[in-house]
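Chemist: I have a structure here, written as C-alpha cells, and I will follow up with some questions on it.
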Amino acid sequence: MRFFSFHLMPYPALPPDYDGPAWITCPNALFDPEVGHQVYNRYLDELIYAEELGFDGVCVNEHHQNAYGLMPSPNLMASILARQTSRVKIAVVGNALPLYNPPTRVAEEFAMIDCISGGRLIAGFVVGGGPEYYSFSMNPAQARERFYECHDIVLEAWTSDGPTEHIGKHYKLRYLNTWPKPVQKPHPEIWIPGVGSLETMEFVARHHYAYMGIPYFHVNVFERTFRMFREACEKEGYQADPMQMGWLEPIYVAESDEQARREYEEHFFYFVKRLLPGINVSPPGYTTLRSYESMLKGFNTFAINLETWDQVVEGQYAIVGSSDTVYERLVENLHRLGTGNLLGLFQLGTLPAEPTRRSLELFAREVMPRLRKEFPEGDKVLREQAAVA
Amino acid sequence: MSPKPLSDERISSAVGKIQVWRGGQGEALVYLHSAAGEAAATPLLEELADSFDVIAPMFPGFGESEGMDEIDDIEDAAFHLLDVWDQLGLAAPAVFGTSLGGWMAAELATRNPEKVGSLVLVNPAGLYIEGAPVGEIFGRPPNELARDLFADESHPFVVAADQMSEMANLKVEPPFELMRPMLQSLAATAKVAWNPYLHNPKLVRRLHRVSAPTLVVHGAQDRLIPRAHAETYAARIPGARLVDVPGAGHLMSLEKPAELAGLVREHVTARG
C-alpha cells in the first residue's frame, strides 16, 4: 500500500449568509486575499508535513473559478513542493488537458517539476470537471476528443526525439520539440481520476495507467467502479495491478470515536453543503449517453444529498474515529475495493490547522504502519469473497 | 379534412442515416426544427401538409439521425443541409426554420441563396446583439427553462418540465429513456452553439446575400431571444418583413401552430 496526503485547498471563509453555488458563478467578491495568503501557506505546510510523517506522496489537483479548491494552477503548488520536499512523490491529479492551449504547456511544466524534484512527479491527466467547461467557455461536447488528442501530444513530446509534427483535429503543431524533458523514462507514472465514465476506464486500462476513484459517493459506487475498471483491464488481456488503482477518501483520526466526530462533523458538512453545490453540473455532451446511463445508478448517493452523520458512516463518505476504528474501517474497505494506493483527504472544508495536524500525526503513527503490514506492497488487496457479497 | 400524420423516412448523407418526417403534396416546404427537436406529430406540420410537401429532416444527433460526431460547427451544419437537399432532390424549396433551425436556414440562405426559394425565420438564433443577450439554454433546471420557451405556463411542455424538476427535487432518478432525447438534443446543440453561444459572428455581415423573399416572425412573449434579433434579421435581409405574434413565446411551433401555419402559408404562396 502506498499512502498519499491529498489537499483540495478549500476556501474556508464563505459567509454564513451565502447559500449559492461554490462553482462557476460563486461571486469572486467573496474571496478575501488575506484569507488566501494564510490558507495557501498553511495548506502547503500541511502537505510538507506529510513527508516528515512518512507518507509516500502528496497530491494536488486543478479546479477553476470556485471556492471548493483554490488551485487553478496545481503546477505552481507542485513546483513549490518540489523544492520544499525531498523524498515524497508529488502527484498532480491532474492537469485538465483541454484547458491548456497548446497542450505542450503540460508537457513542459510537468517536465520542469520532474526535473526540479529529481523524478518525483506523478503526472495526472483529467478531462476537467463539468464546471470548467462553463468557466472556460470550452465546448463540452468536444471535451473527450480534445482530451485524447492532448494526451497524445504530451506523450509524443515526452517520448519522441523532436522536432516532430502533430497535425490533429484540434491542434496543429508544426514544431513539437518541448524543452525540458522529464527525468523519469519513458515518462512519469500517469494517473487518471474518474467518476465512473466507461470511456475513461477503458482508456486507462488500454494504456496501463492508474485509475483514481473520485470520492463523494457511497462506497458501493466505488466498489462497482473499481470492479468495472478491473474488467476493463481484463478485456485488454491483463490483470489490473492494485497499484493501478487509488481510492481518495476523507479521513480524520482523534483520540476517541466520540471526539473525532465532535471535532470533525461541522467541517465535513461545510464541505458537503457549501463547497460541493455546483460541482455536479453535467454540461451537454460532456458524458456519453452510455456512460450517463451507467453512472445514473450512483447519482443519488452523491454526498451533496447527505443529511445525517449516520448516512456518512454507513456509506463510508469519510472514515472518522479513533486510530483503531479508522484502521479497521480502512482495512475492510480496502479489501472491498482492491486499490493499492490510499489517497487521504486529511484537511476538508473548514477543518482548522491544529486538528488537521493532529489527525495526520495519529494516522501516520498509529494507522499507517499497521496498514503497511496488512497490505505489503505488491500483494493483492482485493478480497474476492468481500467483492462478491 | 383532418390532418394526416407525417411519415417517418430515412435518407443517407455523408454523416450517416438521417431521419426525415414527410407528408402532403404541393410545393416543397422544408422545416428546420429548434434545439427542442420538434417535428414528429406536431400539429403545425400536419396542418401545413394540407398545402405543401412538408419535409422535416432531423439534424444529426436529434431523433434517430446519426452523424453528430461529424458535425463540429455551424459551417458543418450548412454543408450537411446541402447534402440533404441533394439527397431529396430539392432545388429551391421554401425553407422554414425556428430558433436553432432558423439560424441554420439563414446560414444556408447566405451561402447558397439559390437553394432557398422563400424563407421564414421564426425567433431565429444566429446573431449576437450587444445589450440583447440570448437566454441560457444549457445547464438550467427544466422548469425554469420551460418558462423561457413558452408564454403559456399551462402548456403541456411546461407541465412535463415541472414534473422532471420535481423528480430532481425528490431525488428520484428519472428513467433514462425519458432523459435520453433531451441529453442527446442538448449535446447536438452544444456541438454547434456552445461557443460562440448560439451565433456565428460572421453571419450578420452576410445577411445581404439572402435573395429569397423573407418573413421574420417574432413571438411577442419570447423570453429567450429578444426582439432586437428579429429586427436585425429583418433589417439586413433585403426586402424582409417582420411580423409579431401576440401571446406567443419562443417555441411558437408548439404553442401557436395555427397562427404560424397561416403566416407561413400566406408568405410562401404569395411569392412571385
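The values are calculated or read from the model by the stated rules, or taken from the named source; none is laboratory data. Keep in mind it's a predicted model, so treat the numbers as computed, not measured. Cβ atoms come from the backbone with ideal geometry, glycine included; neighbour counts cover every protein chain shown.
Chemist: In the stretch A:243-252, is there at least one residue being small (Gly, Ala, Ser) and outside any helix (DSSP H, G or I)?
Modeler: yes
Chemist: Being closer than 30 Å to A:Ala67 by Cα, within 12 Å of chain B (Cβ to nearest Cβ) and of a type outside the set (A, V, I, L, M, F, W, C) is the filter here, so list the residues in the stretch A:136-182 that pass it.
Modeler: Correct list: A:Ser137, A:Asn139, A:Pro140, A:Gln142, A:Arg144, A:Glu145, A:Arg146.
Chemist: What about A:Arg261, is it farther than 20 Å from A:Val221 by Cβ, more than 14 Å from chain B (Cβ to nearest Cβ) and assigned to a helix (DSSP H, G or I)?
Modeler: yes
Chemist: Filter the stretch B:43-79 down to the residues that are assigned to a helix (DSSP H, G or I) and of a type in the set (Asp, Glu) and list them by number.
Modeler: B:Glu46, B:Glu47, B:Asp69, B:Glu70, B:Glu75, B:Asp76
Chemist: Moving on. With a cut-off of at least 2 residues that are over 30 Å from B:Leu170 (Cα atoms), name the helices (runs of 4 or more DSSP H) lying wholly within the stretch A:299-389.
Modeler: A:323-337, A:353-362, A:368-374, A:384-388
Chemist: Which of the residues that make up the stretch A:121-135 are within 14 Å of chain B (Cβ to nearest Cβ) and either of a type in the set (A, V, I, L, M, F, W, C) or out of contact with any His (no Cβ under 9 Å at 6 or more places or on another chain) (or both)?
Modeler: A:Gly130, A:Tyr133, A:Tyr134
Chemist: Looking at A:Tyr270, A:Tyr216 in this structure, which one is under 26 Å from A:Val92 (Cβ atoms) and in contact with a Ser or Thr (Cβ under 8 Å, 6 or more places away or on another chain)?
Modeler: It is A:Tyr270.
Chemist: Restricting the stretch B:128-173 to residues that are charged (D, E, K, R), part of a loop (DSSP other than H, G, I, E, B) and under 12 Å from B:Arg223 (Cα atoms), which is nearest to the other protein chains (Cβ to nearest Cβ)?
Modeler: By that ranking, first place goes to B:Glu136.
Chemist: Name the residue, out of B:Asn200, B:Asn195, that is more than 14 Å from chain A (Cβ to nearest Cβ) and either among the polar types (S, T, N, Q) or under 18 Å from the mean Cα position of the chain (by Cα) (or both).
Modeler: Only one candidate qualifies: B:Asn200.
Chemist: Still on this structure, I have one more. For the stretch A:290-298, does any single residue satisfy the condition of being part of a helix (DSSP H, G or I), within 10 Å of chain B (Cβ to nearest Cβ), touching a residue at least 12 places away in the same chain (Cβ under 8 Å) and among the polar types (S, T, N, Q)?
Modeler: The answer is yes, given that some residue of the stretch A:290-298 is part of a helix (DSSP H, G or I), within 10 Å of chain B (Cβ to nearest Cβ), touching a residue at least 12 places away in the same chain (Cβ under 8 Å) and among the polar types (S, T, N, Q).
Chemist: Kindly evaluate A:Arg274 against the criterion of being closer than 27 Å to A:Ala67 by Cβ, more than 14 Å from chain B (Cβ to nearest Cβ) and at pLDDT 95 or above.
Modeler: Spelling it out, A:Arg274 is indeed closer than 27 Å to A:Ala67 by Cβ, more than 14 Å from chain B (Cβ to nearest Cβ) and at pLDDT 95 or above.
Chemist: Any idea which of (1) touching a residue at least 40 places away in the same chain (Cβ under 8 Å); (2) within 14 Å of chain B (Cβ to nearest Cβ); (3) farther than 21 Å from A:Met212 by Cα is the one A:Gly118 doesn't satisfy?
Modeler: (2)
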